[in-house]
Amino acid sequence: MKNLIVAASCALALIAGGAQAQEPSLRIAFDVPYEPFEYKDENGELTGFEVELAEAMCEEINANCEFVIQAWDGMIPGLLARKFDLIMSSMSITPERAERVLFSEPYYNTPGGWFGPESFNTDVTDMGAMKDKTVGVQRGTTMDTYVTENMGGIVTIKRYTTADDMVLDLEGQRLDVVFVDYPVGEQTILPKEGFKEVAEPVKLGKGVGVAMRKRDTDLAGEINAALRTLKEDGTYDTLMQKYFAYDIKM
Amino acid sequence: MPDFIAEWLNQNEIFTAMTIMEYWDGLVTTVHLVFLSLVIGLLVAVPLAILRTVRNPFVSGPVWLYTYLFRGTPLLIQLYIIYYGLAQIEGIQETFWWEIFREPFYPALLAFTLNTAAYTTEIIRGAMVSTPNGEIEAAKAYGMNWLMRMRRIVLPSAARRAVQAYSNEVIFMLHASAIASVVTIVDLTGAARNIYSRFYAPFDAFIFVALCYMMLTFILVFAFRRLENHLLRHQRPVSG
């Protein structure tokens with residue numbers, strides 16, 4: 001009996017030792033669908049600009065990565081609760097978020113785009129003309145902050161959890177115009193008949209960074225180094241050209 | 001004590017006068033929505049419950065189907081179907097209906113009303129069929145016709161038996177109204193979600209809103225206890 005316990009302890013120690021020797025493992029969270037950054041292709045495989053960038057980054061830091069799907073609302077709580085270790089889901093760097101999480105250097109920045117029906121001819125910067133229009137935004141995004149701060153009280157703001165719901169309401173004529181991350185609008189609204197871009201895109205915020213827990217400063221160093229390498233060795237540019245017709249590099 | 005509250009209000013970033021106002025507006029919307037759907041739901045449920053007890057299956061059948069459908073599917077799905085489904089009907093945007101259904105308030109009111117009416121119908125029906133036979137026979141012996149029996153005997157005694165179950169339905173409806181926020185209504189939950197997404201402080205935003213719901217529930221429980229005491233006072237033991 002004693003021998004058995006010794007043998008079992010040895011086996012356990014071996015397993016534990018083996019696990020330690022393995023590559024560090026990282027769980028990375030995405031909110032899908034958010035085309036073309038992260039979405040599921042026809043085969044149900046997770047893909048997109050950020051997913052491929054995450055794969056390249058993991059290779060660069062020799063990490064064993066696992067991808068996790070997480071709804072946007074629960075992103076930061078999930079990170080803090082250790083359900084995953086990194087967020088690479090187009091999270092713009094804001095002071096409020098930086099209170100809770102640690103951001104890497106920004107790895108891209110896309111403008112916010114105004115999209116609406118063909119019949120929409122109002123100048124969105126003219127507050128008099130925009131009065132009582134209904135504007136759709138995704139809750140908690142930099143576009144939400146921009147509209148709330150600049151047009152709050154003038155327009156009616158409708159906040160949505162997902163871009164899909166917002167586009168449905170734009171099609172159903174419940175919204176006059178939406179202000180959404182440019183690539184998302186380009187992919188989901190412009191292909192539909194009867195919709196167009198109604199104003200110039202607006203540059204917002206400090207760009208998008210990888211979010212992690214505040215204590216993971218060593219990891220942040222590794223990730224920043226990896227992102228820098230990818231931006232310099234052409235991997236980033238190849239990926240960007242695959243998904244975008246314009247420059248989002250930062 | 002007020003000093004302590006003032007100090008606490010000054011120290012935290014989240015509960016400023018502005019966010020308190022957002023919660024207040026949310027509270028008004030929640031109460032407005034729940035109150036209207038409950039009142040309309042109850043007004044609809046009483047005649048439906050009577051029809052549901054009629055022996056003729058062509059009369060009671062459709063009511064049975066309606067309560068079966070609305071009790072058999074989640075309220076969230078009903079809300080999605082009414083809110084997004086209505087907007088997909090070809091040409092509805094050109095009719096006067098769109099004036100009503102463009103705003104999220106009325107689709108939500110419709111979904112909540114139909115849902116609570118279905119449950120209330122079954123609650124009232126259950127109370128009606130459990131009317132003691134003796135009471136009905138006595139009423140018949142007095143020569144009361146069907147209408148008079150309903151009005152004087154069946155409905156008043158059913159109301160007494162239904163009130164406890166109905167108070168549960170009212171509280172469930174209050175809590176179920178939290179899903180109104182998924183169709184862009186800024187009710188209490190919607191306000192909490194907006195504030196949470198601005199400050200990333202889930203505990204503060206949601207615990208505060210939970211306390212608001214609890215306060216509303218307390219008021220409802222208190223009101224229903226008063227009502228029960230009033231309706232069921234004949235059942236109390238004679239005080240000594």
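Each value in this text was obtained by applying a stated rule to the coordinates, not by laboratory testing. Every value quoted in this text rests on a predicted model; they were computed, and no experiment measured them. Positions of Cβ are backbone-derived with ideal geometry, glycine not excepted, and every protein chain shown enters the neighbour counts.
For the stretch A:127-157 versus the stretch A:33-98, the spacing of their alpha-carbon centroids is 28 Å. You can think of it this way: the chain between B:Asp25 and B:Arg225 has 69.2 nm of extra reach, that is 0.36 nm per residue less the Cα-Cα gap. With R₀ fixed at 25 Å, the C-beta to C-beta distance from A:Tyr246 to A:Asn43 puts the FRET efficiency at about 0.35. Straight-line reach from A:Lys242: taking Cα to Cα under 14 Å and skipping same-chain neighbours fewer than 8 places apart, the aspartates and glutamates in range are A:Glu35, A:Glu38, A:Glu50, A:Glu52. The stretch A:168-202 and the stretch B:174-240 have their alpha-carbon centroids 37 Å apart. The base-10 log of I(q)/I(0) for chain A, evaluated at q = 0.13, 0.15, 0.16 Å⁻¹, reads -0.85, -1.07, -1.18 [Debye formula, identical scatterers on Cα atoms, solvent excluded].
Remark: A:Tyr39, B:Tyr166 ranked as A:Tyr39, B:Tyr166, counting other beta-carbon atoms within 10 Å and listing the fewest first. Between amide H atoms placed 1.01 Å from N, distances below 5 Å from A:Val198 occur with A:Trp114, A:Phe115, A:Gly116, all of them 5 or more places distant or on a separate chain. Modelled spin-label separation between B:Ile171 and B:Ile5, with each label point placed 7 Å from Cα along the Cα-to-Cβ direction: 2.6 nm. Under the convention that each Lys and Arg Cβ holds +1 and each Asp and Glu Cβ holds -1, the size of the dipole of the stretch A:112-197 around its Cα centre is about 220 debye. Specify which residue in the list B:Leu76, B:Tyr200, B:Phe222 is farthest towards the positive end of the charge dipole of chain B, using unit charges on the beta carbon of Lys, Arg (+1) and Asp, Glu (-1), about the Cα centre. Selected residue: B:Phe222. Measuring spread by the Cα atoms of the stretch A:112-197 yields a radius of gyration and Dmax of 11.5, 32 Å. Placing +1 on the Cβ of every Lys and Arg and -1 on the Cβ of every Asp and Glu, with no other charges, gives the protein assembly as shown a dipole of roughly 3600 debye about its Cα centre. Adding -39500 (n - 2.57) for every DSSP H run of four residues or longer, then dividing by how many residues the protein assembly as shown holds, sets the calculated 222 nm ellipticity at -18500 deg cm²/dmol. Normalised radius of gyration (Cα atoms, divided by 2.2 N^0.38 Å) for chain B: 1.27. Against chain B, whose longest principal axis is taken from its Cα atoms, helix B:75-88 shows a tilt of about 80°.
Counted without the sites themselves, the longest stretch of chain A free of trypsin sites (Lys or Arg not before Pro) in a DSSP loop having at most 14 other beta carbon atoms within 10 Å is A:1-81. GNM, chain B, Cα, under 10 Å: largest mean-square fluctuation among B:Phe218, B:Phe112, B:Phe58? Taking springs between Cα atoms under 10 Å, the residue moving most is B:Phe58. Since only A:Gly205, A:Thr122, A:Ala220 are under comparison, the one whose Cα sits farthest along the positive direction of the charge dipole of chain A, derived from C-beta charges on Lys, Arg, Asp and Glu, is A:Ala220. Computed on the Cα trace of the protein assembly as shown, the radius of gyration divided by the Kirkwood hydrodynamic radius gives Rg/Rh = 1.09.
One compactness figure for the stretch B:154-240 is 1.52, namely its Cα radius of gyration divided by 2.2 N^0.38 Å. Any of A:Lys133/A:Lys196; A:Lys40/A:Lys214; A:Lys192/A:Lys249; A:Lys131/A:Lys158 with alpha carbons more than 25 Å apart? Name them for me. Among A:Lys133/A:Lys196; A:Lys40/A:Lys214; A:Lys192/A:Lys249; A:Lys131/A:Lys158, the Cα-Cα distance tops 25 Å for A:Lys40/A:Lys214; A:Lys192/A:Lys249. Less than 5 angstrom separates the built amide H of A:Arg27 from those of A:Glu66, A:Asp85, A:Leu86, all sequence-distant by 5 or more or on a different chain.
Given R0 = 22 Å, the distance between the Cβ atoms of A:Thr125 and A:Thr156 translates into a calculated FRET efficiency of 0.80. The alpha carbons of the stretch B:1-138 stretch over 68, 49, 24 Å along the principal axes, in descending order. Bridging of A:Lys83 to aspartates and glutamates at a Cα separation below 18 Å is possible for A:Asp31, A:Glu66, A:Asp73, A:Asp216, once same-chain residues fewer than 8 apart are set aside.
Annotation: amide H-H contacts under 5 Å for A:Asp181 (H modelled 1.01 Å from N, sequence separation of 5 or more, or interchain): A:Gly113.
The gain in end-to-end length when the B:Arg152 to B:Phe206 segment is fully stretched comes to 14.7 nm, 0.36 nm per residue minus the alpha carbon separation.
Each semi-axis of the equivalent ellipsoid for the stretch A:148-250 is √(5λ) with λ an eigenvalue of the Cα gyration tensor; in descending order they amount to 33, 19, 12 Å. The fraction of Cα-Cα pairs per 5 angstrom bin, counted from 0 for the stretch B:57-134, comes to 3, 14, 19, 17, 15, 14, 9, 4, 3, 2, 1, 0 percent, rounded to whole percents. Annotation for A:Ser25 and B:Val54: the two label points, set 7 Å from Cα along the Cα-Cβ direction, are 6.5 nm apart. Rounded to the nearest 20, the size of the Cβ-charge dipole of the stretch B:2-231 about its Cα centre is 1380 debye, with Lys and Arg at +1 and Asp and Glu at -1.
If you take the beta carbon distance between A:Lys192 and B:Glu90 as r and set R0 to 22 Å, what does 1/(1 + (r/R0)^6) give as a FRET efficiency, to the nearest 0.05? Efficiency, rounded to the nearest 0.05: 0.85.
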